[in-house]
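Step one of this worksheet: look at the structure below.
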Amino acid sequence: MNTKTFLILLLLLTSTACAKDKGLPTPTLAYEGSLMPVTQAADLLQALADSPNRQGERPQTTRPIPHQQLNQIAPVPLQQELKANINNLPGVALRITGSSLTGSEGWFLDASAAKTGGPTAFNVALEFGHSHTPTEGSTHMFLLPAYAQIVLDKSWGELHANTDQIAGTNSRYIMVYGPRDSRELSVVWLAIQASYAFATGQIE
């Protein structure tokens, strides 16, 4: 290794260490996948209401913390397709998050797109939800109560045990189970769009 190469590697290592020390955002994660239709914010409540019930028994989960899905795991290609669509939402970047188990990926909203005031729509650093590791495939997100209730009633998810402490009044923090097939993927995508619309102030 020549001196020039050594200095470049040293600079890169130093820059990475400084970023971690200063708590700077981790690099944005990228995924490839087919982009799904985007539903208008005003139509999301009815679209969720019109969605089918989730078939079969609910998956097993651990409670209260960590809140994980233990079986009926979503196929990894569907997880990646979902992340590609989340990453394509305006103002959103996927990054490793510290608000969940190691390897979870947060959905971070740019401050210019985020709503201000009102019910809680974010965890830390404008994170409005996150995807769990590929071995699990579920998600956590903030939803307005009316939207969350549909997800719960149709067996697409469950409340986080600490939703009152995390979300406060007029907001819900819920787990949405990982999609097992393309039909389920479209329903989970509706829930995520509702969380995004809540975070951006398009619905209230």
Which one of these does Gln79 not meet: (1) assigned to a helix (DSSP H, G or I); (2) polar (S, T, N, Q); (3) surrounded by fewer than 16 Cβ atoms within 10 Å (Cβ to Cβ)? (3)
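Checking the condition among the small types (Gly, Ala, Ser), surrounded by fewer than 18 Cβ atoms within 10 Å (Cβ to Cβ) and either closer than 18 Å to Thr200 by Cα or touching a His at 6+ places or on another chain (Cβ under 9 Å) (or both), which residue from Ala84, Ala148, Ala114 passes? Spell out how you get there, then give the answer.
Numbers: Ala84 fails: either closer than 18 Å to Thr200 by Cα or touching a His at 6+ places or on another chain (Cβ under 9 Å) (or both); Ala148 fails: surrounded by fewer than 18 Cβ atoms within 10 Å (Cβ to Cβ).
Just a single option satisfies the conditions, and that option is Ala114.
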Restricting attention to segment 169-192, which residues are of a type in the set (Gly, Ala, Ser) and either farther than 12 Å from Met36 by Cα or not in a helix (DSSP H, G or I) (or both)? Ser171, Gly178, Ala191
Which residue out of Glu127, Glu158 is among the acidic types (Asp, Glu) and in contact (Cβ under 8 Å) with a residue 60 or more places away in the chain? Glu158
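Which of the residues spanning segment 30-56 are in a loop (DSSP other than H, G, I, E, B) and in contact with a Leu (Cβ under 7 Å, 6 or more places away or on another chain)? Step through it out loud before you land on a result.
Here is the first cut: in segment 30-56, the ones in a loop (DSSP other than H, G, I, E, B) are 30-40, 51-56.
Within segment 30-56, Thr39, Ser51 qualify.
Values in this text are rule-based calculations from the coordinates and carry no lab data. The structure displayed is predicted, hence computed values, not measured ones. A quick note on method: Cβ atoms are made from the backbone with ideal geometry, for glycine too, and the neighbour counts reach across all protein chains shown.
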